Amino acid sequence: MNRDLRLNLLMKTICFNPNCSITDLKKILHGRIGPNELIEAVHELEDKNEIVIDKSGLTVNKKPKYMYLITGAAGFIGFHISLELLKKNQSIIGVDNINNYYDQKIKHNRVKILKQFPKFKFHKIDLSNKKHFPKKINRYKNKIQIIIHLAGQSSGEISFDNPVTDLNKNTVSTLNLINYGIKKKSERIIYSS
């Protein structure tokens, strides 16, 4: 592809580059960045696979979009991870059992905030219920690529007062989720609880 065609394509598409600042655009518009620098910028974008230039023209590669299953989505960490991923236009299936280990109003308010994003779906699910849990999210079939497991009974008192319940909620829930991820061929399971 000749130099002028590369420059033309770059000028038409440079705004799609998320790393291109207003200052960079001003330098281009005011002629402070010459053709050699622009071609170098094109090559750099090609090397990073952010753009592809071939005979058909220029294609802007966008970051891949994933569907995440985030457990504990109404909890502090799950909420903030979900929020950040939604801001990056990722799809989230959030699950939480909205237990009463701390104020449920806080959890409901977090879910309400997340539901403002069209790519967020919420399901109230007890992960320790092996029969009920998969039924609620099976509609997503093999679309969930990444599972982030943050759900867990977090009360220290309950773990001492009722260790069987603690074991059931944490260990059995985790095993059910791992089995689900294997069965649905999820790419990755990230666990922190």
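The values are calculated or read from the model by the stated rules, or taken from the named source; none is laboratory data. All values derive from a computational prediction rather than experimental measurement. Cβ atoms come from the backbone with ideal geometry, glycine included; neighbour counts cover every protein chain shown. Accessible surface is based on the protein model in full, side chains and every heavy atom, while ligands, DNA and RNA are left aside. Shrake-Rupley method; radii C 1.70, N 1.55, O 1.52, S 1.80 Å.
Find the all-direction average of the projected area of the Cα convex hull for the range 63-193, expressing the result in square nanometres with one decimal place.
Numbers: hull surface 30.0 nm².
Averaged projected hull area, Cα only: 7.5 nm².
Could the peptides 164-170, 76-82 be put in order, highest first, of the mean number of other beta-carbon atoms found within 10 Å of their residues?
On the way: 164-170: 15.6, 76-82: 19.6.
Packing proxy ranking, top to bottom: 76-82, 164-170.
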Checklist outcome for this item: Mean accessible area per residue over the range 61-193 (1.4 angstrom probe, all protein chains present, square angstrom) is 61 Å²
Item to check | Y101 - accessible surface, heavy atoms, 1.4 Å probe, Å² rounded to 10 | outcome: 70 Å²
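What's the extension gain from K135 to T171 if we count 0.36 nm per residue and subtract their Cα-Cα distance? Kindly include the intermediate steps, with their values, before the conclusion.
Values: separation 36, 0.36 × 36 = 12.96 nm, distance 2.00 nm.
Here the answer is 11.0 nm.
Sort D103, D96, D161 by accessible area with a 1.4 Å probe, largest first.
Values: D103 80, D96 15, D161 125 Å².
If we order D103, D96, D161 from most to least accessible, we get D161, D103, D96.
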Checklist entry - Taking amide hydrogens as modeled 1.01 Å from N in the peptide plane, which residues meet the under 5 Å criterion relative to M67, leaving out close sequence neighbours? => result Q145, I146
Checklist outcome for this item: Counting sequence-distant residues (5 or more places) and residues on other chains, those with an amide H built under 5 Å from that of I125 are D96, N97
Checklist entry - What ³J(HN,Hα) values, in whole Hz, does the Karplus curve 6.51 cos²θ - 1.76 cosθ + 1.60 give for the range 83-91 when θ = phi - 60°, with x put for Gly and Pro? => result 4, 5, 5, 5, 5, 9, 6, 8, 9
Checklist entry - K143 accessible area, nearest 10 Å², 1.4 Å probe? => result 120 Å²
Checklist entry - Short version: ³J(HN,Hα) in whole Hz for each residue of the range 180-188, in order, from phi by Karplus 6.51 cos²θ - 1.76 cosθ + 1.60 (θ = phi - 60°), x for Gly and Pro, what are they? => result 4, x, 5, 4, 8, 6, 5, 5, 8
Item to check | Over 19 Å [Cα-Cα, the range 64-137], rounded percent | outcome: 30 percent
Item to check | K183 accessible area, 1.4 Å probe, all protein chains in place, Å² to nearest 10 | outcome: 150 Å²
Next on the checklist: Apply the Karplus curve 6.51 cos²θ - 1.76 cosθ + 1.60, θ = phi - 60°, to the phi angles in the range 121-127 and return the couplings in whole Hz, x for Gly and Pro.
Outcome noted: 10, 10, 9, 7, 9, 9, 5
Checklist entry - Length gain on complete extension for the stretch K87 to Y66, per 0.36 nm per residue less the alpha carbon to alpha carbon distance? => result 6.3 nm
